[in-house]
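None of the figures in this text is laboratory data; all of them are computed from the coordinates on show. Because the structure is predicted, anything quoted here is derived from the model rather than measured. Neighbour counts are summed over all protein chains in view; Cβ atoms, including those assigned to glycine, are modelled from backbone coordinates with ideal geometry.
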Amino acid sequence: MHPSYTAKFPELGFYGLPGHSRTPRDILRQAQDAEALGIGNIMISERADYKEIAALCGAVAAVTENLYIGTSGTNLNTRHPVVTASMGSTINSLSEGRFALGLAKGVSLRWKAMNVDFPTFERERIFVELMRKLWRGEQVLGHASALGHYPALQLAPYVTEDIPLLYVGFGSTSLEHAGQIYDGAHLHTFMSDQALTEAVAAFRRGEQQSGRSNGKLWSVFATVCEPTEAEYLKKIVARLATYLQIPGYGEALVQVNNWDMQTLAAFRANPVVKNVGGAIDSVADTAQLQEIATLIPEHWRPAAVGDAKTCAQRWLDQFNAGADGIIIHASTPEEFAPVLAEYEKIRPTHLFAGRTNRPG
């Protein structure tokens, strides 16, 4: 049995290595700084360059004592089920019970390029059930389903790990399905308050359908306190533009926010976007970002931007819109510390009485 963990702000998490990074070691200090500030969670995403998620989670576990460590997210179709289950049991044991597995579907373009199956709702449900069985030490023989055919699946009979499973996504149908099987969900950066409210409602409908309840819904919220122009371009414009670049992904974000698809099409057709030569947040220079900023309407950038008080109030708006927690994106703990100080003054403490760092 692992201990329970409670920080000063269990309702707050942050994104380790936000966006593009070529220096993964930075996450060690970020995690330690966040823990010192009383943040309850770190959420870690993955890219194929310097952000392999199991390595990052293990590194963070080694340098922290109280911080919950979550993937936000990895995918169910890029590893053998036993490999993912073993990753979870190992990191959970290594951290003494501070791991949460967040799973995202991704987009079909990526899966076609990698020659792997698309993670359908059916495969997702079976995978989630399988993870829970393997973490209970169960042996699964002769498994045959949409997920695949496996003669024998098991970690070990003595394995017993209670690991939260969270969905990472934002589509209404996907969230309703997620509410039926997951312990919570990480939503998405650049969702309007209305889109957030609707996303929470979709997950709750799914919970009601399956008799589940109390899953935690996390707003992933870009926060940039008193940014310079260059910082704003890099942390807000470049991040959003990168999402909009991706076929399927950009459409989903536009749809959930009820934005204009023609604006998205015009953005992608612009020469500066077409010729940027890679992910915008990885390769675009300041001049390119200045031009790209003119292509994205202001109301497409819901975030916490401004002085510390303004940003803290925007955090509060996320709870008023239905979120159970906030994953602070785009800034490091050192950068968002002034916002945290202002947030503490207006924090709705009654909402978080008795809460632990467990994110699901």
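Report relative contact order for the stretch 229-306 in percent, whole number only (criteria: Cα-Cα under 8 Å, sequence separation at least 6). Let's see the in-between values first.
Details: 61 pairs, mean separation 30.8, N = 78.
Worked out over the stretch 229-306, it gives 39 percent.
Only Cα pairs under 8 Å and at least 6 apart count here; give the relative contact order of the chain as a rounded whole percent. Display every interim value, and only then the final one.
Details: 691 pairs, mean separation 72.5, N = 360.
Answer for the chain is 20 percent.
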**Request:** With θ set to phi - 60°, apply the Karplus curve 6.51 cos²θ - 1.76 cosθ + 1.60 along the stretch 319-334 and write out the HN-Hα couplings as whole Hz, x wherever there is a Gly or Pro.
**Result:** 5, 5, 7, x, 5, 8, x, 10, 9, 6, 10, 5, 10, 7, x, 4
**Prompt:** For the pair ARG205 and ALA265, what calculated FRET efficiency results from E = 1/(1 + (r/R0)^6), where r is the Cβ-Cβ distance and R0 = 35 Å, to the nearest 0.05?
**Reply:** 0.65
**Item:** Cα centroid separation - the stretch 144-213 against the stretch 46-98, whole Å
**Value:** 17
**Prompt:** Using the 10 angstrom Cβ neighbour count as an exposure proxy, how do LEU130, LEU175, LEU28 rank, fewest first?
**Reply:** LEU28, LEU130, LEU175
**Item:** Nitroxide proxy distance, nm - points 7 Å out along Cα→Cβ at GLU291 and ARG355
**Value:** 4.4
**Request:** Compute the FRET efficiency between ARG132 and ASP26 as 1/(1 + (r/R0)^6), taking r as their Cβ-Cβ distance and R0 = 51 Å, and round to the nearest 0.05.
**Result:** 0.95
**Asked** Which of VAL220, VAL272 comes first, and how do the rest follow, when ranked by fewest Cβ neighbours within 10 Å?
**Response** VAL272, VAL220
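Full extension from ASP317 to ALA48: what is 0.36 nm times the residue separation minus their Cα-Cα distance, to one decimal in nm? Kindly include the intermediate steps, with their values, before the conclusion.
Details: separation 269, 0.36 × 269 = 96.84 nm, distance 3.40 nm.
Length difference between fully extended and current span is 93.4 nm.
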**Prompt:** Taking amide H positions as placed 1.01 Å from N in the peptide plane, with prolines and chain starts having none, which residues 5 or more places from GLY40, or on another chain, fall under 5 Å of its amide H?
**Reply:** PHE9, LEU12
**Message:** Helix 53-63 against the longest principal axis of the chain: what's the angle in degrees, Cα atoms only, rounded to the nearest 10?
**Reply:** 90
**Item:** Cα principal axis extents for the stretch 52-173, largest first, Å
**Value:** 38, 33, 26
**Prompt:** For the stretch 250-256, what does the Karplus curve 6.51 cos²θ - 1.76 cosθ + 1.60, with θ = phi - 60°, yield as ³J(HN,Hα) per residue in whole Hz, taken in order and with x for Gly and Pro?
**Reply:** x, 4, 5, 5, 5, 5, 5
**Asked** Hey, rough spin-label estimate for ALA337 and ALA144, points 7 angstrom out along Cα→Cβ, what's it come to in nanometres?
**Response** 6.0
**Item:** Approximate spin-label separation LYS345-GLU229, in nm, with each point projected 7 Å along Cα-to-Cβ
**Value:** 3.1
**Message:** Sort 106-114, 287-295 by the packing proxy (mean of other Cβ within 10 Å over each peptide's residues), most packed first.
**Reply:** 287-295, 106-114
**Message:** With a cap of 15 neighbouring Cβ atoms within 10 Å, and only residues DSSP puts in a loop, list the trypsin sites (Lys or Arg not before Pro) found in the stretch 131-237.
**Reply:** ARG136
**Request:** Report the normalised scattering of the stretch 86-238 as log10 I(q)/I(0) at q = 0.21 Å⁻¹, calculated by the Debye formula with identical scatterers on the alpha carbons.
**Result:** -1.34
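Using alpha carbon coordinates only, what is the Rg to Rh ratio of the stretch 86-154, with Rh defined as the Kirkwood radius?
Details: Rg = 13.8 Å, Rh = 13.7 Å.
Using only Cα positions, Rg/Rh for the stretch 86-154 is 1.01.
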**Prompt:** When only alpha-carbon atoms count, how far does the chain stretch along each of its three principal axes, as whole angstroms with the largest first?
**Reply:** 57, 46, 40
**Prompt:** When the C-alpha atoms of the stretch 229-306 are aligned to their principal axes, what extent does each axis show, in angstrom, from largest down?
**Reply:** 31, 29, 17
**Karplus-derived 3J(HN,Hα), 6.51/-1.76/1.60, for each residue of the stretch 348-355, Hz, glycine and proline x** = x, 4, 5, 6, 10, 4, x, 7
**Prompt:** Using mean Cβ contacts within 10 Å as the protection proxy, how do 139-146, 83-90, 298-305, 327-334 order, highest first?
**Reply:** 327-334, 83-90, 298-305, 139-146
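Taking each pair of different alpha-carbon atoms in the stretch 217-360 once, compute 1/r for the pair, average those values, and report the inverse of that mean as the Kirkwood hydrodynamic radius in Å to one decimal.
Working: mean 1/r = 0.0607 Å⁻¹.
When all Cα pairs of the stretch 217-360 are included, the Kirkwood radius is 16.5 Å.
Charges at C-beta only: +1 for Lys and Arg, -1 for Asp and Glu. How large is the resulting dipole of the chain about its Cα centre, in Debye rounded to 20? Before the final figure, lay out each step's value.
On the way: 32 positive and 37 negative charges, 132 e Å.
Dipole magnitude for the chain comes out near 640 debye.
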